[in-house]
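Everything below concerns the one structure shown next.
The values are calculated or read from the model by the stated rules, or taken from the named source; none is laboratory data. The shown structure was predicted, so the numbers you read here are calculated from the model rather than taken from an experiment. Cβ: placed from backbone, ideal geometry, glycine included. Neighbour counts: every protein chain shown.
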Amino acid sequence: MLEVQEATVRFGGLTALDRLSLSVGDGEVVAVLGPSASGKTTLLRAIAGLQALDEGRILWDGSDLSVVPPHRRGFGLVFQDFALFPHLDVGRNVEFGLRMQGLGPAERRRRAEEVLGRVEMSGMERRRVATLSGGQAQRVALARALAPEPRLLLLDEPLGSLDRTLRERLTGELRHLLAGLGVTALYVTHDQQEAFGLADRVAVVDHGRALQVGTPEEVWHFPAGERVARFLGLRNVLEAVVEGGRARTAAGPVPTPPGIASGPARLLVRPSAFSIDPTGEIEGVVRSRVFRGNGYSVEIEAGGTMIEAILPRAPRAGEPVRLRIDPEGVSPLNGP
Amino acid sequence: MTRRRLATVLLAGLPLAFLLAFFAWPVGSIVATGLFPGGRFDPDPFRRALGGGLPGIAWFTLWQAAASTGLTLLVALPGAYVFARYDFPGKRVLRALATVPFVLPTVVVGTAFLALIGPGGLLGFRLDGTIWAILAAHVFFNYAVVLRTVGGLWSHLDPRLEEAARLLGAGRWRSFTTVTLPLLRPALAAASSLVFLFTFTSFGVILILGGTGLRTLEVEIYRRTTMLFDLPLAAVLALIQMVAVTAVLLAYARYQERRSIEQSLRPAGEVARRPRNWREWGLVAGTLLPTGALLLGPPAVLVSRSLHGEGGWGLDFYRALGQPGRTGARLVDPLQAVGNSAGFAALATLVALAVGLMAASVIAYRRGRAGRWFDALLMLPLGTSAVTIGFGFLVALDAPLDLRASWVLIPLAHALVAMPFVVRTVVPVMRSVQTRLREAAATLGAPPGRVWREIDLPMVARAAAAGAGFAFAVSLGEFGATAFIARPATTTMPVAIFRFLGQPGGLNFGRAMAMSVILMVVTAATVALIDRYRPPTLGEF
């Protein structure tokens with residue numbers, strides 16, 4: 001089990017990691033989700049031993065790793081741009097870690113064959129690395145990291161440089177692979193679809209801090225604060241006063257989920273919670289609409305605030321609209 | 001961290017010791033000889049130097065270098081453009097051929113031009129002893145510097161930048177002057193500084209083509225030392241020359257520091273294309289044909305004259321190399337010279353490679369101020385003329401152990417001259433090995449030493465081989481330093497050629513031609529091998 005305790009890394013005046021704590025249980029896949037330059041790659045490098053901590057500790061099964069150099073940690077790392085060795089072919093890339101363990105040629109070849117088969121790259125051993133496509137290189141990089149059977153697999157945006165369709169397909173494959181191997185993994189990404197699709201738990205990181213750690217469902221349904229919500233693409237945060245199951249906001253009255261205390265509150269309203277209803281209590285004017293395929297993304301000005309809604313049909317810009325809100329799509333925000 | 005530091009100290013130590021013994025000490029001895037003859041400060045050599053035509057010689061050294069540099073740029077830039085932007089049949093071969101003059105020993109270049117415009121020259125008129133012969137030889141010699149440095153960068157410049165400028169409304173000429181030229185400026189500055197430095201310290205070419213009238217500082221140092229035995233005055237000249245060279249190097253370094261732009265370079269293959277129409281084909285041909293005549297003419301004439309003796313065509317001159325010839329008081333054994341050259345070159349290559357690799361790894365892996373200083377320090381021998389090094393060896397290395405009479409001095413001097421080439425070839429490749437590849441190896445369980453062996457070494461090996469080839473070629477052709485320290489029994493091929501040229505008679509002249517051809521062929525073959533196995537600069541990854 002991996003434990004990161006209050007890890008801090010500074011580069012000059014910049015704090016890349018700011019007392020970040022996180023744990024990964026055995027066999028668990030944890031995704032670190034955050035925007036670019038949020039410190040997530042630094043976290044990964046620190047765990048791999050490629051970056052020293054200024055403060056804090058990193059423990060594996062309770063023992064401090066700070067004195068253990070990268071090559072003795074037994075962690076595998078898949079780099080964002082794969083970092084395949086250009087002077088070695090596919091097979092020798094995959095065998096590299098096994099060779100470092102001192103395994104004989106026959107055993108190495110057998111293991112490399114097996115792990116290449118697992119990533120569906122059988123028979124590619126003698127291919128030159130430079131001739132691989134992006135998806136193939138990604139598989140080889142994964143196979144290379146998996147071959148020595150690391151205690152912990154670290155993945156640094158391994159799908160980040162691939163195009164969208166390939167990324168979606170590989171996300172699914174990767175989930176099966178990680179689940180099938182029962183490997184403990186830490187997966188860094190800026191893509192919430194990837195994070196939700198792959199991970200048992202998600203840690204949302206920004207400015208070097210962990211803003212929220214939880215299952216994908218928890219994070220999606222109950223974002224800890226406005227920053228998490230905004231990072232998930234949820235922008236309707238309304239200041240409200242709650243009284244008897246209803247809330248007054250600048251945009252109009254908003255129904256609240258049960259169990260919310262009376263008094264001032266900040267409410268998150270999902271874009272999908274809105275629907276057009278002539279009897280709706282929210283009155284506004286459409287300011288812009290963009291066709292998104294599965295509906296329109298509409299910006300509506302109501303009571304001086306802008307709300308974002310996803311609607312199957314929408315009036316043109318400038319036209320008035322009345323909206324109803326599904327209480328299921330409203331949740332309180334507690335953190336910053 | 002401390003183990004890392006210890007490794008650095010050990011790696012840096014040997015190159016430093018080498019420089020101290022065979023560079024700093026000789027240079028120090030020159031200072032002592034020039035300024036403190038007899039152990040005390042004495043301005044007399046200085047005064048005599050000023051009275052003895054020094055200002056004239058210094059002025060000539062300076063302006064011939066400036067003129068040579070300007071002329072070389074003028075002649076070579078069109079070639080650099082054509083090589084960078086167009087693909088045409090035979091490009092590879094032509095590029096390799098264009099590089100050959102630069103690696104030819106200066107003595108061979110001098111001899112080739114002598115064959116063309118010297119006594120009995122092919123063109124029918126004599127230019128030896130005039131500035132024109134010197135300028136022509138310098139352009140011939142340095143063409144490749146501009147082609148490689150400027151053309152090299154040019155061939156990686158993204159043509160889309162110029163296209164962007166065109167779309168923003170700049171005409172063809174303006175987009176060249178506002179986009180391409182500024183981007184090329186680092187390479188232009190590097191090439192001009194190099195050419196200026198080479199021509200400022202030109203020795204073999206001027207000794208052979210300058211006749212008795214045209215003398216640069218280098219030639220004068222040699223003359224004062226070997227003919228007039230006036231060591232203090234020669235030392236003063238060497239000092240002045242070192243100061244001038246250092247000034248050029250410093251100016252260049254400052255310029256580079258101010259000017260470095262991060263450029264997004266593209267693999268050369270993506271930039272060059274076939275000429276599309278007759279105008280472009282005409283441009284390519286119109287540039288390459290005169291260049292070909294300039295670069296291939298002198299060597300061709302050299303070969304033909306080496307085969308044409310008094311008795312008509314034949315191998316007489318080559319056969320004459322088999323017999324020792326008496327040139328004046330000195331006995332020159334051509335076969336022995338060939339053997340000496342080969343042996344010295346092999347030894348010099350080994351030393352330059354070993355010391356150079358150590359130095360390169362310090363420069364490449366230890367960044368920061370210390371690394372930069374070390375880098376500059378190692379380039380000093382490159383900036384110092386070979387004549388200064390030879391002269392320094394001559395005046396320095398008598399105590400504590402008298403090495404002056406030892407043959408070991410020659411390969412050591414060659415190694416000193418060649419080492420910067422090794423460093424320059426290897427450092428960029430070492431630096432290009434991305435940190436992430438080393439990190440990847442570390443996370444896969446490779447300890448630091450193993451990382452170096454598994455990742456760096458295989459990638460650097462080819463560059464090291466190329467560096468060794470350069471060192472070999474440099475040593476084979478080295479003349480400036482060797483001229484001071486070679487004894488009759490340790491004569492090398494360039495020195496033998498010079499001695500033959502200095503003697504009257506068609507046979508001696510022919511022997512010089514024949515031996516020049518042999519030296520030219522061996523050097524060209526070495527360089528062709530390097531070019532074949534040279535590591536690609538912008539890699540496949």
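General remarks:
- Any hit, region B:49-57, residues being closer than 16 Å to B:I131 by Cβ and either surrounded by 14 or more Cβ atoms within 10 Å (Cβ to Cβ) or touching a residue at least 24 places away in the same chain (Cβ under 8 Å) (or both): yes
- When region B:101-116 is filtered for residues that are part of a helix (DSSP H, G or I), at pLDDT 80 or above and not hydroxyl-bearing (S, T, Y), the ones remaining, listed by number, are B:P101, B:V107, B:V108, B:V109, B:G110, B:A112, B:F113, B:L114, B:A115, B:L116.
- In region A:65-79, the residues that are out of contact with any Ser or Thr (no Cβ under 8 Å at 6 or more places or on another chain) and either of a type outside the set (K, R) or at the interface with chain B (Cβ under 7 Å from one of its Cβ atoms) (or both): A:L65, A:S66, A:V67, A:V68, A:P69, A:G74, A:V78, A:F79
- For region B:429-445, the criterion of being buried (at least 24 other Cβ atoms within 10 Å of the Cβ), in a helix (DSSP H, G or I), within 14 Å of chain A (Cβ to nearest Cβ) and among the polar types (S, T, N, Q) is met by at least one residue.
- When region B:446-471 is limited to residues that are touching a His at 6+ places or on another chain (Cβ under 9 Å) and either within 11 Å of chain A (Cβ to nearest Cβ) or not in a helix (DSSP H, G or I) (or both), the one that is modelled with the lowest pLDDT turns out to be B:M459.
- Within region B:152-161, not a single residue is surrounded by 15 or more Cβ atoms within 10 Å (Cβ to Cβ) and under 30 Å from B:V219 (Cα atoms).
- Those residues of region A:38-74 which are exposed (fewer than 14 other Cβ atoms within 10 Å of the Cβ) and either on the phi > 0 side of the Ramachandran plot or among the aliphatic types (A, V, I, L, M) (or both), in sequence order: A:A52, A:D61, A:G62, A:V67
- Total residues in region A:102-143, condition among the polar types (S, T, N, Q) and surrounded by fewer than 16 Cβ atoms within 10 Å (Cβ to Cβ): 3
Results for (1) within 14 Å of chain B (Cβ to nearest Cβ); (2) over 30 Å from A:G172 (Cβ atoms); (3) at pLDDT 90 or above, shown as yes or no for each residue.
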{"residue": "A:L59", "(1), (2), (3)": "no, yes, yes"}
{"residue": "A:D81", "(1), (2), (3)": "yes, no, no"}
{"residue": "A:F85", "(1), (2), (3)": "yes, no, no"}
{"residue": "A:L98", "(1), (2), (3)": "yes, no, yes"}
{"residue": "A:P105", "(1), (2), (3)": "no, yes, yes"}
{"residue": "A:L116", "(1), (2), (3)": "no, no, yes"}
{"residue": "A:A130", "(1), (2), (3)": "yes, no, no"}
{"residue": "A:G134", "(1), (2), (3)": "yes, no, no"}
{"residue": "A:A143", "(1), (2), (3)": "yes, no, yes"}
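- Any hit, region A:189-210, residues being more than 14 Å from A:V32 (Cβ to Cβ), away from chain B (no Cβ under 14 Å), in a helix (DSSP H, G or I) and in contact with a Phe, Trp or Tyr (Cβ under 9 Å, 6 or more places away or on another chain): no
- Qualifying residue in region B:516-532 (condition: of a type in the set (D, E, K, R), out of contact with any helix residue (DSSP H, G or I) (no Cβ under 7 Å at 6 or more places or on another chain), surrounded by fewer than 18 Cβ atoms within 10 Å (Cβ to Cβ) and within 20 Å of B:I389 (Cβ to Cβ)): no
- All of B:R499, B:R487 fail the test of being within 25 Å of B:T388 (Cβ to Cβ), surrounded by fewer than 20 Cβ atoms within 10 Å (Cβ to Cβ), over 18 Å from the mean Cα position of the chain (by Cα) and charged (D, E, K, R), apart from B:R487.
- Residues located in region A:211-245, provided they are surrounded by fewer than 21 Cβ atoms within 10 Å (Cβ to Cβ), part of a loop (DSSP other than H, G, I, E, B) and under 14 Å from the mean Cα position of the chain (by Cα): A:T215, A:L232, A:G233
- Residue within region A:142-150 that is among the charged types (D, E, K, R) and in contact (Cβ under 8 Å) with a residue 40 or more places away in the chain present: yes
- Residues in region B:474-484 that are under 18 Å from B:S202 (Cβ atoms) and not charged (D, E, K, R): B:V474, B:G477, B:F479, B:G480, B:A481, B:T482, B:A483, B:F484.
- Residue-level analysis places B:G510 among those that are more than 14 Å from chain A (Cβ to nearest Cβ), in contact (Cβ under 8 Å) with a residue 40 or more places away in the chain and under 18 Å from B:S306 (Cβ atoms).
- Lone unmet requirement of (1) away from every other protein chain (no Cβ under 13 Å); (2) within 20 Å of A:V30 (Cα to Cα); (3) acidic (D, E) for A:D156: (1)
- All positions within region B:87-107 that are among the hydrophobic types (A, V, I, L, M, F, W, C) and either in contact (Cβ under 8 Å) with a residue 12 or more places away in the chain or touching a strand residue (DSSP E or B) at 6+ places or on another chain (Cβ under 9 Å) (or both): B:F88, B:L94, B:A96, B:L97, B:A98, B:V100, B:F102, B:V103, B:L104, B:V107
To keep it simple, each residue is scored yes or no on (1) within 14 Å of chain B (Cβ to nearest Cβ); (2) under 18 Å from A:L146 (Cα atoms); (3) over 22 Å from the mean Cα position of the chain (by Cα); (4) in contact (Cβ under 8 Å) with a residue 60 or more places away in the chain.
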| position | (1), (2), (3), (4) |
| --- | --- |
| A:V32 | no, no, no, yes |
| A:L43 | no, no, no, yes |
| A:D54 | no, no, yes, no |
| A:E95 | yes, yes, yes, no |
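- Test result for B:R254, modelled with pLDDT under 85, of a type in the set (K, R) and farther than 30 Å from B:L161 by Cα: no
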